[in-house]
Amino acid sequence: MKPVFISWSGGKDSCLAGYLAIRNGFEARYLANTITEDGKRSRSHGISAGVIKMQAQALGISLAQQPTGRDDYEDNFQSMLHKFKAEGIDDGIFGDIDFNAHREWIDRVCAESGITPHLPLWEMDQGKIMRDFIELGFESVVVATKADVLGEEWLGRKVDPGFIEDLEKLKETADITLCGEKGEYHSLVIDGPLFKKRLVIVEAEKVLREGRWFLDITGCELRDK
């Protein structure tokens with residue numbers, strides 16, 4: 001099997017992309033996760049770095065966490081890719097769907113590092129992505145929202161058929177995407193076919209920071225399935 005890293009946010013899209021890659025014969029060697037300079041939170045979704053570590057333990061996949069600021073993000077991401085390359089990992093898995101500017105960034109950064117990017121979800125119908133994710137048996141909860149689009153009541157909601165239905169209704173009057181590709185919401189995957197154990201959120205609070213609502217998880221456990 002060809003070794004790969006999975007660009008990892010902890011959310012549904014990176015998880016589903018990783019699952020599809022593994023199903024197609026790749027070996028997931030690392031989850032590649034960027035975190036804030038102080039090492040406390042995931043750079044992409046604001047999730048506790050410790051919760052991401054627990055998620056990696058639940059999956060049984062090694063975690064590479066790269067601290068970075070916003071201004072030096074590309075340099076630090078490149079540094080992580082160079083480390084993978086040095087270990088003989090020539091391919092990476094990304095969960096992007098349709099944001100062309102980010103796709104162009106991925107292609108350029110990977111090319112400069114000698115990495116071949118794979119985007120299993122690219123240009124797939126977002127409704128199908130959501131349905132496939134649920135039907136495969138993955139479980140995920142909303143951990144962040146844009147405050148001017150989705151209120152704090154969306155935090156902690158399970159990504160299920162009812163969630164999709166509510167988003168589709170909202171989509172009739174608001175400029176949103178089902179998968180949250182415009183940053184409308186972010187999720188945390190807590191269980192699924194890749195997981196050896198499940199994550200259980202035992203303590204959390206809702207926090208408003210810089211125009212976004214976050215489910216700040218302060219207590220989380222791994223439990224047998």
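Every number in this text was worked out from the coordinates using simple rules, so none of it is lab data. It should be emphasised that the depicted structure is a prediction, and the values quoted were computed from it without experimental measurement. Using ideal geometry, Cβ is built from the backbone for each residue, glycine included, and neighbour counts are taken over all protein chains shown.
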If I fit a long axis through the Cα atoms of helix 49-59 and take the longest principal axis of the Cα atoms of the chain, what angle between them do I get, 0 to 90°, rounded to 10? 80 degrees
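Around GLY95, with a cut-off of 14 angstrom between Cβ atoms, what is the net charge of the other residues, counting Lys and Arg +1 and Asp and Glu -1? Can you show the working numbers first?
On the way: positive: LYS12, ARG103; negative: ASP13, ASP96, ASP98, GLU123, ASP132, GLU181.
Taking every Cβ under 14 Å from that of GLY95, the sum is -4.
Could you work out the relative contact order of the chain? I mean the mean sequence separation of Cα pairs under 8 Å and 6+ apart, divided by the number of residues, in percent.
After rounding, I find 21 percent.
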Which option, [x] 12.5; [y] 16.9; [z] 11.7, is the value of mean projected area of the Cα convex hull in nm² that was calculated from these coordinates? [z]
With a sphere of radius 12 Å drawn around the Cβ of GLU123, what net charge do the other residues whose Cβ falls strictly inside it have (Lys, Arg +1; Asp, Glu -1)? -2
For a distance above 17 Å, tell me the whole-number percent of Cα pairs in segment 2-118 that qualify. 53 percent
So, in Å, what gap is there between the alpha-carbon centers of segment 91-155 and segment 165-225? 13 Å
Hey, which of these cross-link pairs are over 28 Å Cα-Cα: LYS171/LYS206; LYS40/LYS182; LYS53/LYS85; LYS171/LYS225? LYS171/LYS225
Can you give the angle from 0 to 90° between the axis of helix 161-171 and the longest principal axis of the chain, with both taken from C-alpha atoms, to the nearest 10? 80 degrees
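Tell me the GluC sites (Glu not before Pro) within segment 1-78 that lie in a loop according to DSSP and have at most 15 other beta-carbon atoms within 10 Å. Walk me through the numbers on the way to the answer.
Numbers: sites: GLU27, GLU37, GLU74; in loops: GLU37.
Passing both the DSSP loop test and the Cβ count: GLU37.
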Rg and Dmax of segment 74-140 over Cα atoms: what are they, in angstrom? 14.2, 38
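Hand me the trypsin sites (Lys or Arg not before Pro) from segment 169-223 located in a DSSP loop with no more than 14 other Cβ atoms within 10 Å, in residue order please.
Working: sites: LYS169, LYS171, LYS182, LYS196, LYS197, ARG198, LYS206, ARG209, ARG212, ARG223; in loops: LYS182, LYS196.
Qualifying residues, ordered by number: LYS182, LYS196.
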According to the square roots a ≥ b ≥ c of the eigenvalues of the Cα gyration tensor, what is the shape class of segment 136-224, taking rounded for a/c under 1.5, prolate for a/b larger than b/c otherwise, and oblate for the remainder? oblate
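To the nearest 500 deg cm²/dmol, what mean residue ellipticity at 222 nm is calculated for the chain from DSSP H runs of n ≥ 4 alone, each contributing -39,500 (n - 2.57), summed and divided by the residues? Before the final figure, lay out each step's value.
Details: 6 runs with 72 residues, N = 225.
Calculated from helices alone, the mean residue ellipticity at 222 nm is -10000 deg cm²/dmol.
Net charge within 13 Å of ALA147 by Cβ-Cβ distance, Lys/Arg positive one each and Asp/Glu negative one each, not counting ALA147 itself? Kindly include the intermediate steps, with their values, before the conclusion.
Working: positive: LYS146, LYS206, ARG209, ARG212; negative: ASP148, GLU152, GLU153, GLU184, GLU210.
Taking every Cβ under 13 Å from that of ALA147, the sum is -1.
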